[in-house]
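S.K.: Have a look at the structure that comes next, please.
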Amino acid sequence: MLQRVLIAYTSRPPTIEYLRSAFGRRGIAVEGVYADENTLFDRFVIHRLNKLAHNFRHHPEEQVSFRGPSWAHMNYRSSRLRSAIRAFDPDLVLLIRGMGFSRVGDRRRAAKFGWWVEADERVQEALAEVPWFDRFFFSSISASVEAARRAGYRHTAYLAHAVDPAVFRPLEGVAQGSRFLFRRAVVEEAPALHPGGAGGVGKRRGLWIEVVSQGPSAIGVSGAW
């Protein structure tokens, strides 16, 4: 019986929190490992050195130097994931990909599920990780799942994005004909709308939404407030 789930993903979008709420309604405990938590040394030294190397074409953008130290981001977040597995002893580890992790080689009883939410163009990167998991899901059925099946991976399937209805809901007085759905966030520069888009949150996005909402067509805005 599923009792404890460990989820690894970035802190934004707050998918871990939404899934924590969903699992919690079924009495399942959830712990999260946030992949974007980093060391100061990686953020201000390793990251900047790699950025300079890419800008000056010292090596291609997909190549990353200084992978070895334990304070490098990949090693740091992978170590935190392994520590969380040992401490929480989950029945299921769900790795949403997202930022990558090194292979989770823990021999504990936890089942390991992967969920690829990146672009189809990077499917070869995903296929290299599929064997690490008991089940592997893709957010796109058109290309990624088909490529995985052609490669002989039968434990792959389609898993669509979803929303938490407790957070994303129609707003009162919003016309039903046309509607944008926005993620929970607050943009201080546009307090009347508080929009958070399907990407990063910022002043420019808020201004775009505000302009569109005041256009000649009737457009409703719904989502978390």
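The values are calculated or read from the model by the stated rules, or taken from the named source; none is laboratory data. Keep in mind that this is a model prediction, so the values were computed, not measured. Virtual Cβ from ideal backbone geometry, glycine too; neighbours counted across all protein chains shown.
S.K.: Scan (1) at pLDDT below 90; (2) among the charged types (D, E, K, R); (3) more than 15 Å from Tyr34 (Cα to Cα) for the single condition Arg86 breaks and write down its number.
M.R.: Unmet for Arg86, out of (1) at pLDDT below 90; (2) among the charged types (D, E, K, R); (3) more than 15 Å from Tyr34 (Cα to Cα): (1).
S.K.: Among the candidates Glu125, Glu118, single out the residue that is touching an Asp or Glu at 6+ places or on another chain (Cβ under 9 Å) and surrounded by fewer than 16 Cβ atoms within 10 Å (Cβ to Cβ). Talk me through it step by step, then tell me what you get.
M.R.: On the way: Glu118 fails: surrounded by fewer than 16 Cβ atoms within 10 Å (Cβ to Cβ).
Exactly one of Glu125, Glu118 is touching an Asp or Glu at 6+ places or on another chain (Cβ under 9 Å) and surrounded by fewer than 16 Cβ atoms within 10 Å (Cβ to Cβ), namely Glu125.
S.K.: Give me the pairs: first residue in segment 97-112 and basic (Lys, Arg), second residue at pLDDT below 75 and part of a loop (DSSP other than H, G, I, E, B), beta-carbon distance under 9 Å, and six or more apart or on different chains, which are they?
M.R.: Lys112/Val104; Lys112/Asp106
S.K.: Now, a different point. Take the residues in segment 154-173 that are in a loop (DSSP other than H, G, I, E, B) and surrounded by 16 or more Cβ atoms within 10 Å (Cβ to Cβ), then tell me which one is modelled with the highest pLDDT. Full working, then the answer.
M.R.: Here is the first cut: in segment 154-173, the ones in a loop (DSSP other than H, G, I, E, B) are 154-155, 159-173.
Imposing the further condition that a residue be surrounded by 16 or more Cβ atoms within 10 Å (Cβ to Cβ) reduces the set to 159, 164, 168.
Details: Leu159: 93, Asp164: 80, Phe168: 75.
Among them, the one singled out is Leu159.
S.K.: Of all residues being within 15 Å of the chain's Cα centre (by Cα) and assigned to a loop (DSSP other than H, G, I, E, B) in segment 110-147, which is nearest to Ala162 (Cα to Cα)? Just the residue, please.
M.R.: Out of the qualifying residues, it is Ser139.
S.K.: How about segment 23-38: which of its residues are over 12 Å from the mean Cα position of the chain (by Cα), crowded, with 16+ Cβ neighbours inside 10 Å and in contact (Cβ under 8 Å) with a residue 40 or more places away in the chain?
M.R.: Once the filter is applied, which keeps residues that are over 12 Å from the mean Cα position of the chain (by Cα), crowded, with 16+ Cβ neighbours inside 10 Å and in contact (Cβ under 8 Å) with a residue 40 or more places away in the chain, segment 23-38 yields only Glu31.
Conditions (1) within 16 Å of Gly98 (Cα to Cα); (2) modelled with pLDDT of 90 or more; (3) touching a Phe, Trp or Tyr at 6+ places or on another chain (Cβ under 9 Å); (4) hydroxyl-bearing (Ser, Thr, Tyr), marked per residue:
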position: Arg4; (1), (2), (3), (4): no, yes, yes, no
position: Pro13; (1), (2), (3), (4): yes, no, no, no
position: Ile16; (1), (2), (3), (4): yes, yes, yes, no
position: Gly24; (1), (2), (3), (4): no, yes, no, no
position: Ala29; (1), (2), (3), (4): no, yes, yes, no
position: Gly32; (1), (2), (3), (4): yes, yes, yes, no
position: Thr39; (1), (2), (3), (4): no, no, yes, yes
position: Phe44; (1), (2), (3), (4): no, no, no, no
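S.K.: Consider Val64 against the criteria (1) modelled with pLDDT of 80 or more; (2) of a type in the set (Val, Ile, Thr); (3) closer than 19 Å to Met99 by Cα: it satisfies all of them except one. Which criterion is unmet?
M.R.: All conditions pass for Val64, except number (1).
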